[in-house]
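The values are calculated or read from the model by the stated rules, or taken from the named source; none is laboratory data. Everything numeric in this text was worked out from a predicted model, so none of it was measured. FYI the Cβ positions are ideal-geometry reconstructions off the backbone, even for glycines, and counts take in every protein chain you see. Surface areas here come from the heavy atoms of the whole protein model, side chains and all, with no ligands, DNA or RNA. Shrake-Rupley method; radii C 1.70, N 1.55, O 1.52, S 1.80 Å.
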Amino acid sequence: MAYPIDAHHAPVDPSVPLEYSTEDGSLKILGFWIFLAADIVLFSCLFATYIVLHNNTYGGPTAQQLFDVPGFVAETLLLLTSSFTCGLAIFEMHRNRLQPMIGWWIVTILLGMGFVAMEISEFAKYVGEGANITRSAFLSAFFILVGTHGTHVTIGIFWMIALLIQFIRYGITAVTARKAFVASLYWHFLDAVWIFIFTVVYLSGKVS
Amino acid sequence: MSSMLSPKKRRGIAFAALSVSVLLLSGCGSQIAVLHPEGPVAQQEYNLIVWSFVLMALVGLVVFGLFAYMIIKYRSRPGIEKYYDPNLEGNKKLEVIWTVIPILIVIALAVPTVQTTYALKKPPVSAHDPIEVDVTSANWKWIFQYPAQHIETVNYLVIPAGVPVKFMLTSVGPMNTFWIPELGGMEFTMPGANLGLWLEANKPGVYLGRGANFSGKGFAHMQFNVYSKSQSQFNQWVSKVKRQDPSLSLTEAHYLVNHQGLSPVLTFSSYPSSSVAQNSNTRMGM
Amino acid sequence: MLPHYFNHLFVTGIDIYIADVLIILTSLGIVSVLTYFKKWKWLWREWLTTVDHKKIGIMYILAAFAMFFRGGMDGLMMRTQLAVPNNHFLSAQHYDEVFTTHGTIMILFMAMPMLIGLINVAMPLQIGARDVAFPYLNAISFWTFFFGAMLFNLSFVIGGSPDAGWTSYVPLAGPHFNPGPGENYYLFGLNLAGLGTLASGINFLVTVIRMRAPGMTLMRMPMFVWSTLITSILIIFAFPVLTVALSLLTFDRLFGSHIFSMTHGGMPMMWVNLFWIWGHPEVYIVILPAFGILSEIIGTFSGKKLFGYPAMVGSQITIAFLSFVVWVHHFFTMGAGAAVNSFFGVSTMLIAIPTGVKVFNWLFTMYKGKIRFNTPMLWALAFIPTFVVGGMTGVMLAIAPADYQYHNSYFLIAHFHYMLIGGTVFGVFAGLYYWWPKMFGMKLNERLGRWHFWTFMISFNLTFLPMYLVGLMGMTRRMYTYPPGLGWSHLNMLETIGAFGQGISMTFMLINIVWSFKYAERDVTGDAWDGRALEWSTTSPAPEYNFAHVPVVYSRDAFWDMKYSKNKEKYQVKEKPYRPIHMPNNSGRPFLMGFAFFISFFGFVFEWYLVGGIGLAAVFYLMFQRSFEYNTDHYISVEEIEHTEAVTGRS
């Protein structure tokens, strides 16, 4: 390994998964879980705002008129699959198999990019139809809620690319394992948030 | 040395503060509007204020008494060792007492609070039918519209004494609150919503009202007089307005609403119904 | 386009020019002193890049003092304007700006950083840890707070201050009634500082959960650590709500969305709800640590164990829980139904029960004690009656129908100043005098401390007691002036005299600090007050690594037990040699990151999206750089530890 070993990275406790095996690693994972709790509060507020405002279309397009079923179903499939492949990457990491781990990691990134691309084109389509953020309170809440999720996903993609380089450089170590694990937590979390967006925004919007 | 003086000094300050407030209360008592209710709504609120003050004063006396006792008796001084017990760390009985007593006090406060909260959502009990006034706050003026009489006043209000008045409150600018302390507490005016507030004056008189929620540069000047008149005088005032004062045109109505500035006291014998902000709003809480 | 911008960029007005000149002179002064004494390198190496929790704590406290001065000046300007009726010292516009910045600065840039500073200084020492869980993140927290505060203050001279109140209710704070950069400063300044606060909350929570010394179970933690733990949880659940509220209003103002608009289906009341869902827990975020400080000090200066420790813990947890279900009491008069008002009224009154429990426990901690009236204890004692007055009027405000008469009046202003000064600020002063020797190695002077205490106590009551009365007379908050003849005038004059008294009183503290640095006797024991918790078991100031040997804990009041326990053998550390101590490296990146945020958000304030984008790109670049940094730690060698311990006489 190309980096200096010190106590943050050792002693490694073999009785727990690699990412938890150093003091530093387990602290950071706990910290990240707590951060996710805070992020849940953030999304809850945005959901609450959307729910309160979702009927205030002010003569503009309604959810039913706007949303395109194949589009959002495809987005959902992309993101769900990426969450699965991310899980596979961590699985391979635990088996200490670097090549397959990197492979699944790349697949995850590509699926994530596909999701973001679809979301951007979805937004562009709405804006092209005049349904932009200034049209009504409903649309403001929609763009901000879904856009915040999309921004999270985009940041996640850059993060995963940075980690990809580190996996290639350093292989699977206590540090890179912790980094991968934390990023995967983030990724699964975004997947869970999307399930709520799918239900609360898209499905309910299409049904009502 | 001065550490020995501190409890005395503290009591001195408490005494000085008390005497100052007694002086103030006797000197300008009638100016304390909230403590001089002139209507049934303000009266009910006043009763709660007094009741809660009495209960809180009792709690305060106990705490201040204990406080003085502790810092005087257990200050570090010769002979303190015979009391000193560094390992004392609790007493179940005492702790139960000071949990249960506050619970009882909260119950004693909560019951009348809930009762009055519900009571104030209904019109005050009265032999007379209520009248309605639509109140709109604008930058920086108060617009009062009387739907039954179809007259409008700006920056002053005339109400019949002994008659419940239902104020429907809204705003065409920033939020504000509508407050006539002698008649009762305040309620918000909010754009896009109508909030209701019941008030009633016991007897004829002049009261001061004001906006109580900051709404921009002219906010401090959003003060208005409330003239409470007997029913017959109120009727006379209405017919006089109908006879003498101009009607409000739509242009003027828009100017009143949109012009960012103060306004003198105005009276109009009629107003265009499209100028009633309340009509397009949702009603809340009443 | 450009000339137009520059016309409005620099705020004009005589006081602003004075401020401009003062700012420039101060900056020049600092720069030349640093250059003359060749201190630039020292400043960068020892402070700006530090990840040491004690130094970060001190920087928090310093910055908070600067903000205290700014907010205090705002307060004095307000009181000068209100001293007499129909005064023209300030215009309405100017007054509106001053009360907005006063409130915002005092809560978010003074009270909170002051407490976070004290937590940083004391909490890791009290649990026997060598630092917080994430020292690097701790530095980021500080620098985002610091640059958030700087951004907010910049509004005073560039672009104009926000003027819609610290609560920033829409539509007044919306794009229609409030165009221009002022309100943007509020949104971006608070959002930046809020990021840092959230990170602090996570950091402290993990620290308390995971980094306690061996043997320190939860129920053996000092009460200040408990209050840190609970405050952190409040921060984690409350601050994202503020982030959302601020961001939504930012979208409304910058990008024309309609979340809080009056038109297009927006809902102004959403802001009020979101703001107070954060705002009420925020009140407890700034009071719970003060409760913790009080518990430490009353125990120490009574020479006694804290009375009713389990009840003190339980009551804090109850208060924290209740703080999330009372937010509507900030707007009982906003048209909610009787059922809603009843619920929130009663839930608010319930807070009086755990708070009462705490007050009685403090009183009985003194029972059968040996009370020493040192300055920290004076502040702690004054806290009790003052806080009780504020608390009792708080219960009165909780009575929804009565609140219809108090809402937005000076009665309310008096109440929350009794809580925030009588509670938070007295707690902060108590904590500063108490931990001063731990921070700087010497006590503050007692005599000057007493002068500070008594003048402040008297002036404080003189300022805020009459406000209860003037509120009942119908005077509402945020009035820039008032007419004569309403009976308000004399009381307002009294309040102004009191306010200046508080200002003068603070100079005693300033003199005290300067005097003590120069002349006060150095504390060589490390245990300046015959303390009870572990922070007093190490030297004053504590070495970089805090403890050469990590202490082992067998009971509450661990250090007291070490000193006075009958069974001292258990503490006899076998004279095992020191082991190298693993510590995080200093880093300049948190500072640069804060600065990049500052540049970015300054751009967004003026809607210069290019500047905003470049700044954000710099932030992300720095984050990536960090991700690739693997050499983040170092060891302190045994020789160095031996040397440090020998110098302080502890080898």
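Annotations for the structure displayed:
- Accessible surface, per residue, of the range A:61-208 when the full set of protein chains is kept, probe 1.4 Å, Å²: 39
- Each residue of the range C:138-155 was assigned a 3J(HN,Hα) from its phi angle through the Karplus expression (A = 6.51, B = -1.76, C = 1.60, θ = phi - 60°), giving 4, 5, 4, 3, 4, 6, 5, 4, 4, 6, x, 5, 4, 4, 4, 6, 4, 4 Hz with x at Gly and Pro.
- Among residues other than residue C:626 with Cβ under 14 Å from its Cβ, the summed charge is +1 (Lys and Arg +1, Asp and Glu -1).
- The range C:543-622 and the range C:406-439: distance between their alpha carbon centers, rounded to Å: 27
- The peptide list B:63-76, B:262-275, C:146-159, put in order of mean Cβ contacts within 10 Å with the highest first, becomes C:146-159, B:63-76, B:262-275.
- Summing both sides, the accessible surface hidden between B and C at a 1.4 Å probe radius is close to 8200 Å².
- Contact with the other protein chains removes 50 Å² or more of accessible area, compared with the isolated chain and a 1.4 Å probe, from these residues of the range C:330-369: C:333, C:334, C:335, C:338, C:342, C:349, C:353, C:360, C:363, C:364, C:367, C:368.
- Remark: spin-label model distance residue B:259-residue C:640 equals 7.4 nm, labels positioned 7 Å along the Cα→Cβ axis.
- Taking each DSSP H run with n ≥ 4 as -39500 (n - 2.57) and averaging over every residue of chain B yields -13500 deg cm²/dmol at 222 nm.
- Every helix of 4 or more DSSP H residues in chain A counts as -39500 (n - 2.57), and over all residues that averages to -25500 deg cm²/dmol at 222 nm.
- Neighbourhood net charge (11 Å Cβ-Cβ; Lys/Arg +1, Asp/Glu -1) for residue A:182: +2
- Cα gyration tensor, the range B:32-119 - rounded (a/c under 1.5), prolate or oblate: oblate
- The range C:465-575 - percent of accessible surface contributed by carbon and sulfur, probe 1.4 Å: 64
- Rounded percent of accessible protein surface that carbon and sulfur make up, the range B:131-284, 1.4 Å probe: 52
- For residue C:155, the shell of other residues with beta-carbons less than 12 Å away shows a net charge of -2, using +1 for Lys and Arg and -1 for Asp and Glu.
- Calculated [θ] (222 nm, deg cm²/dmol) that DSSP helices of n ≥ 4 give over chain C, each run adding -39,500 (n - 2.57): -21500 deg cm²/dmol
- Neighbouring Cβ atoms from other chains, within 10 Å of the Cβ of residues in C:461-471, number 3 on average.
- For residue A:104, the solvent-accessible surface computed with a 1.4 Å probe is close to 90 Å², ligands and nucleic acids excluded.
- Annotation: the antiparallel percentage among DSSP beta bridges lying fully within the protein assembly as shown is about 70.
- Between the range C:17-70 and the range B:119-198, the alpha-carbon centres lie 54 Å apart.
- When both the range C:133-178 and the range A:120-190 are represented by their alpha-carbon centers, they are found 27 Å apart.
- Relative packing of peptides B:109-119, A:50-60 - highest average C-beta neighbours within 10 Å first: B:109-119, A:50-60
- Set C:304/C:443; B:73/C:570; C:358/C:443; B:166/B:242; C:55/C:568 screened for pairs whose C-alpha atoms are more than 26 Å apart: B:73/C:570; C:358/C:443; C:55/C:568
- Antiparallel DSSP beta bridges within the range B:131-284, percent to nearest 5: 65
- Most to least packed among B:45-52, C:255-262 [average Cβ atoms within 10 Å]: C:255-262, B:45-52
- Between helix C:638-647 and chain C: long-axis angle, C-alpha atoms, 0 to 90°, nearest 10: 80
- Other protein chain Cβ atoms within 10 Å, averaged over every residue that makes up C:621-630: 4
- Cβ neighbours within 10 Å from other chains - mean over A:38-48: 6
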